[in-house]
Amino acid sequence: MANELRHSIRLVARRTGLSTHLIRAWEKRYSTVQPERNEGNRRLYRTEDIERLTMLKKATDAGHSIGDIAQLSTDRLSLLVAQEPSAPAPIVLGKRAETASAAEIPQTIADAYAAVEAMDSVQLEAVLDRGSVGFGQVRLLGEIIVPLVARIGEAWRAGELKVAQEHVASACIRTFLGRMARPIALHPGAPVLVATTPSGQLHELGAVLVAAAATHGGWRVVYAGASLPSEEIVTVALSQGARAVALSIVHPEDDPELPSELRRLRRLLPVETTIVVGGRASGGYHAVLSEIGATRVGSLAELGGVLDQMRRGQ
């Protein structure tokens, strides 16, 4: 056992291709591995830790969210990686035959919201499944899920929904979007986008929607979860070679710490990496967003236009 514990974090970084900062961040946030410590309190990794981190890197390179796969066993991770096509296979919103009319949209949203109130993830998933079949996945995203998310956010801020209800809805919608997506083989040169929320922004539904919209637009998306400090966002962006970082800012509109986080993010990111920001509260940070040269978008349609221009090199 002693021989297995002599791998330093720098050696692990070289063997896995992960940065030392990202290895530490994954350990702290997701308990991906649990290294031993020597008398000097330095991390010491087993050979199986290196194997596990290697599998996690391959899976995230293929478009899987670290938050979704962090607790999988190494054997499960190996199977997941083996099933991936040769090119990255992120979430993509495909199309299905549309049979429902626009008049059915309000009732579909109402049914979904009732399931959110009841914290009935099974019923919420069933409503979204029916919507996917009836409206098609693209309309489902823009005409059902976006208004539903807005209603959930407004109800939470008004005290009509509890935090637990919002969290259950968030987890269900994110899982649904991942499951309904069909893998495609993107061009190896497909641009990479990191979707997340900055530190202090705990509501992740907006970032999940951004991730879905971007994958539909042909981007390889790395979904990094919610409330990440600027240093961790930069680490993920650098490790994935991201061309853009998309941030969702929903609440609050006046966090005194957020402007400095955004300035730090811009300072640490490569100059060629674009910062795209959206969300209900993003307007409250207009001054600092202009200062750092971030692109603010007001809707998924506007986001799609911005990302399409970036893909074309405009």
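Nothing in this text is a laboratory measurement; each read-out follows from the coordinates by a stated rule. Just so it is clear, the model here is predicted, and its values are computed rather than measured. Note that we place each Cβ from the backbone using ideal geometry, even for glycine, and neighbour counts take in every protein chain shown.
A cut-off of 5 Å between modelled amide H atoms, ignoring neighbours fewer than 5 places along the same chain, links Ile275 with Val245, Thr295.
If R0 is 51 Å, what FRET efficiency do you get for Ser299 and Arg10 from their C-beta distance, rounded to 0.05?
Values: r = 45 Å, r/R0 = 0.88.
My answer for the efficiency is 0.70.
If we count every other residue with Cβ under 15 angstrom of Arg14's Cβ, Lys/Arg +1 and Asp/Glu -1, where does the sum land? For residues surrounding Arg14, the net value is +3. Close amide H contacts of Thr32 (hydrogens built in the peptide plane, cut-off under 5 Å, sequence separation of 5 or more or a different chain): Glu27. Classify region 192-311 as rounded, prolate or oblate from the Cα gyration tensor: take a ≥ b ≥ c as the square roots of its eigenvalues, call it rounded if a/c is under 1.5, otherwise prolate when a/b beats b/c and oblate if not. The shape class here is rounded.
The stretch between Glu39 and Gln71 holds 8.7 nm of extra length on full extension. This uses 0.36 nm per residue minus the Cα-Cα distance.
Structure remark: mean-square fluctuation, Gaussian network model of the chain, C-alpha springs under 10 Å; the largest value among Val168, Val208, Val234 belongs to Val168. Among Val210, Val163, Val138, the largest mean-square fluctuation in a Gaussian network model of the chain, built with springs joining Cα atoms closer than 10 Å, belongs to Val163. Close amide H partners of Leu228, meaning residues 5 or more places away or on another chain with modelled amide H under 5 Å apart, are Thr197, Ser199. Take the Cα of Arg157, go 7 Å toward its beta carbon, and the backbone nitrogen atoms of region 270-298 under 19 Å from that spot belong to 277-289, 296-298. So if I take the centroid of the Cα atoms in region 111-148 and the same for region 221-267, what is the distance between those two points in Å? Value for the Cα centre distance between the two parts: 28 Å. Build a GNM of the chain with springs between Cα atoms under 10 Å apart, and of Gly131, Gly142, Gly218 the one that fluctuates most is Gly142. Among residues other than Glu291 with Cβ under 10 Å from its Cβ, the summed charge is +2 (Lys and Arg +1, Asp and Glu -1). When restricted to Cα atoms, region 102-180 yields an Rg and a Dmax of 11.5, 33 Å, respectively.
Between the exposed loop cleavage positions of the chain, defined as GluC sites (Glu not before Pro) in a non-H, G, I, E, B DSSP state with at most 11 neighbouring beta-carbon atoms within 10 angstrom, the longest gap is 40-256.
Computed from phi, the 3J(HN,Hα) profile of region 23-29 under the Karplus parametrisation 6.51, -1.76, 1.60 (θ = phi - 60°) reads 4, 5, 5, 5, 4, 5, 8 Hz, with x in place of Gly and Pro.
Taking a sphere under 12 Å around the Cβ of Gly241 and counting the other residues whose Cβ falls inside, with K and R at +1 and D and E at -1, yields a net charge of 0. Against the longest principal axis of the chain, how steep is helix 146-157, in degrees 0 to 90 to the nearest 10, with axes from Cα atoms? In the chain, helix 146-157 runs at an angle near 80 degrees to the longest axis. A convex hull fitted to the Cα coordinates of the chain yields 151 cubic angstrom per residue.
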